[in-house]
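First up is the structure itself, then whatever we jot down about it.
The values are calculated or read from the model by the stated rules, or taken from the named source; none is laboratory data. These numbers come from a predicted model, not from an experiment. When we count neighbours, we look across all protein chains shown, and the Cβ atoms used for this are built from the backbone with ideal geometry, even at glycine.
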Amino acid sequence: MPTSSVTSSRPSKQPISRCSSSPRLKAKFGAGVAPLQLPIGEESELSGVVELLNDVAVTYPGDAPTGAEGPVPDAMETEEHAVHDALVEGIVVADDDLMERYLGDEPIDTSELAKALAAGIASATVFPVLCGSATKLVGIDRLARFLIDEAPAPAAADGTTGAFVFKTIVDPYVGHVNLFKVLRGTVKHDEVLTNARSKADERLHQLFVMRGKEQDTVTEVPAGDIAAVAKLANTGTGDVLATKGSAVEVDVLEAPEPLLAVAIHAKSKADEDKLANALHRLQEEDPVLRIERNAETRQTVLRGMGETHLSIATEKLHRKFGVEIETEDVRVAYRETISGTAES
């Protein structure tokens, strides 16, 4: 957060409490939730934010992407003071020296609070909440500045590199394209990283960032950035690539269970020859899809999360892989069995 000479002392403090003006968030996510801003206006009337640490209002006239600082609106002063005090209490409670000074009504500089806040975020005991609107460009500059000032640095002190593959695209010309986020270190052109799942060494020969359909070649990708690499032989969605011999832990992606099924079949003999390969490539792009062949009903069944998901998948079969299909209801294989005994 921006620092200044503003101090956090206020008259007539109450005993430290973990309550704030965001009881719903605290009830859902715990006492570590810390609102750092208040919105000025609501929904379509959102025009700015109030920074709680240094008690300033930031407004965005017109389409200005950068806010202008000013005094807190009179109508919000009472609420701002209350939430400010709750925020400061939540920050100093983890620091004995700051808490003692706070209870003694000593002034605490904003820079000291920001430093303590950063320590709480890094230790995963404080969870900041900011306001903004991407469509109105309200608060986006403050969010970016907050990440620079307060977020823990992603660089690895031991020099290791780690990247998480979160999506795979099957390009008809390039082949497999893996999109990844660098978790630590810097991924460089022609660097060899090891796949934690397959144990295969992968050379990242061609690195690029995607801007719509355009691909911009880059020579390195720093921690926190997203990029793509083509033609990795043994890497798919959910894999972790890291320096050989190092361990980079990432929560496993749990694919949701498909809720809706539809039976599909090729429209012609030519399409039938291409269908199996197209379905395999489709599933590589979207691991949530399930494809199965029911031997009893002799149907190929495609399962997805709903009608829209399945509609997009079948449209992609035609548009991207050139396969015309038709759909039908999934048939149920009824069985008969002896359920009891009788004498005659």
> What is the one condition in (1) outside any strand (DSSP E or B); (2) in contact (Cβ under 8 Å) with a residue 12 or more places away in the chain that Glu77 does not satisfy?
Replying inline: (2)
> Within the range 296-309, is even one residue assigned to a strand (DSSP E or B), within 23 Å of Phe180 (Cβ to Cβ), among the small types (Gly, Ala, Ser) and under 25 Å from the mean Cα position of the chain (by Cα)?
Replying inline: no
> (1) touching a His at 6+ places or on another chain (Cβ under 9 Å); (2) in the same structural domain as Gly306 (by TED's automatic domain parsing): which one isn't true of Asn277, the others all being true?
Replying inline: (1)
> Among the numbered criteria (1) part of a loop (DSSP other than H, G, I, E, B); (2) under 21 Å from Ala313 (Cα atoms); (3) within 18 Å of the chain's Cα centre (by Cα), which single criterion is violated by Val252?
Replying inline: (2)
> Are any residues in the range 162-189 small (Gly, Ala, Ser) and closer than 26 Å to Gly245 by Cβ, and if so, which ones?
Replying inline: Gly162, Ala163, Gly185
> Give me the pairs: first residue in the range 60-74 and assigned by TED's automatic domain parsing to the domain that holds Glu42, second residue surrounded by fewer than 13 Cβ atoms within 10 Å (Cβ to Cβ) and not basic (Lys, Arg), beta-carbon distance under 6 Å, and six or more apart or on different chains, which are they?
Replying inline: none
> Has the range 8-28 got at least one residue that is touching an Asp or Glu at 6+ places or on another chain (Cβ under 8 Å), surrounded by 11 or more Cβ atoms within 10 Å (Cβ to Cβ) and at pLDDT 90 or above?
Replying inline: no
> In the range 52-88, what residues are of a type in the set (S, T, N, Q) and farther than 16 Å from Val138 by Cβ?
Replying inline: Asn54, Thr78
> What's the number of the condition Thr327 fails, among (1) under 19 Å from Glu284 (Cα atoms); (2) part of a strand (DSSP E or B)?
Replying inline: (1)
